[in-house]
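Read the structure below first, then the notes.
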Amino acid sequence: MTTTQLKNVLLIDGAAMSRKLLAVRLQSIDLNPVEAGSAAELDKLTGPGRSFDLVVTEQALDGMERAELLEKLRHLSCPVLIFTDQPVTESQEKPSYIRGVFHKSQRNDLLKSIVVTLGAVPAREMKEVERHILVIEDSPTIRNFLRRILEKSFPGSVIREASDGREALSEMSNKKVDFILTDLQMPGMDGHAFLKMLHSNPVLKHKPVVVLSSTITSELREQVKGFEKVRLLAKPSSAEEISKTLGELMVLSTAV
C-alpha cells in the first residue's frame, strides 16, 4: 500500500498555546506542522537543505522584526500566510509570496486559505464516504466520463445526473445533493441560469459547485468571485484537476 507524503507547514508563533492549537488543527487535515516559537528556533529550521510547502507566521518574533522575518521567509520560496492581532486592511501592500493576511479572530478563514493554497485533500477525506454528487451535462458521453472519474476518486459516493439546469433543480428538490459539477452551455436551462437560480435560493446557495466549461470568461470569474464555494475549470480538464478541485471543496465543507 502506498502512503501519501504529508505537506510540511512551517508554523511561526511566539505564543506557545496559540501555536499548539493551530498545529493540532493542521494535523487534523493531514498536514505536518513544524513549529518555531523564537528567532533562534526559526534559524535552526530554515538552514540549508530544509524546505517547506507553506509558511504560516506571526508578523514578528522576539529578536526579529517584521522586515527581517519577511526577508528570511522570502528565501524559502514558498507561499506565506500571515496571522496577526493587529488590524488588517485590504490596502496593505505586501510582497507577491504573501498569499493572505488574517486577524487572529479569523482562524477559520486562515484554515480555509491553507487548504486552498496547498490543495490539501486529507487522506481521511478520500475514504469511502457517501457523498451525493450531481453532474449536470447535456452530453451523455461527458457525463459518463465524469461519473467514472468521481466513482474512482470518491468511493462510496452517490452520483446523480441531469441534462440541464431545470432537470438538476428537480433532482435537488427530491433528493439529497452535497456537491455539484456543472457545464454552462446546455439546451433548456443553461448553467448560467442554473447558477443564478441556485444563488437566489437561501438554502441552495451554499452548495459547493465546480463549473466545468469551455466558455469561462473574465466576466464569469468576476461574477462568482463573491461565492466561496464555487470553482471554475476550463474544458478540457484532466481527471486529476477535476478530482483535486472537487476534493478541495469537500475539505472546505468539513475542515472548519
| query | Just to be sure, is L184 in contact with an Asp or Glu (Cβ under 9 Å, 6 or more places away or on another chain), touching a residue at least 24 places away in the same chain (Cβ under 8 Å), surrounded by 18 or more Cβ atoms within 10 Å (Cβ to Cβ) and under 18 Å from T245 (Cα atoms)? | reply | yes
| field | Some residue of the stretch 31-54 being out of contact with any Gly (no Cβ under 8 Å at 6 or more places or on another chain), more than 15 Å from N8 (Cα to Cα), modelled with pLDDT under 90 and aliphatic (A, V, I, L, M) | value | no
| Which one is nearest to the chain's Cα centre (by Cα) among residues in the stretch 224-242 that are assigned to a helix (DSSP H, G or I) and surrounded by fewer than 16 Cβ atoms within 10 Å (Cβ to Cβ)? | E241
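A quick yes/no check of all residues on (1) of a type outside the set (S, T, Y); (2) assigned to a strand (DSSP E or B); (3) crowded, with 17+ Cβ neighbours inside 10 Å:
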| residue | (1), (2), (3) |
| --- | --- |
| I133 | yes, yes, yes |
| N144 | yes, no, no |
| V177 | yes, no, yes |
| M189 | yes, no, yes |
| L220 | yes, no, yes |
| task | Determine if the stretch 211-226 includes at least one residue that is in contact with a helix residue (DSSP H, G or I) (Cβ under 8 Å, 6 or more places away or on another chain), modelled with pLDDT of 90 or more and of a type in the set (A, V, I, L, M, F, W, C). | result | yes
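Yes or no: R160 among the charged types (D, E, K, R), under 24 Å from L111 (Cβ atoms) and not in a helix (DSSP H, G or I)?
Numbers: among the charged types (D, E, K, R): yes; under 24 Å from L111 (Cβ atoms): no; not in a helix (DSSP H, G or I): yes.
In short, no.
The values are calculated or read from the model by the stated rules, or taken from the named source; none is laboratory data. Quantities reported herein were computed from a predicted structural model and do not represent experimental measurements. Neighbour counts run over all protein chains shown; Cβ positions are idealised from the backbone, glycine included.
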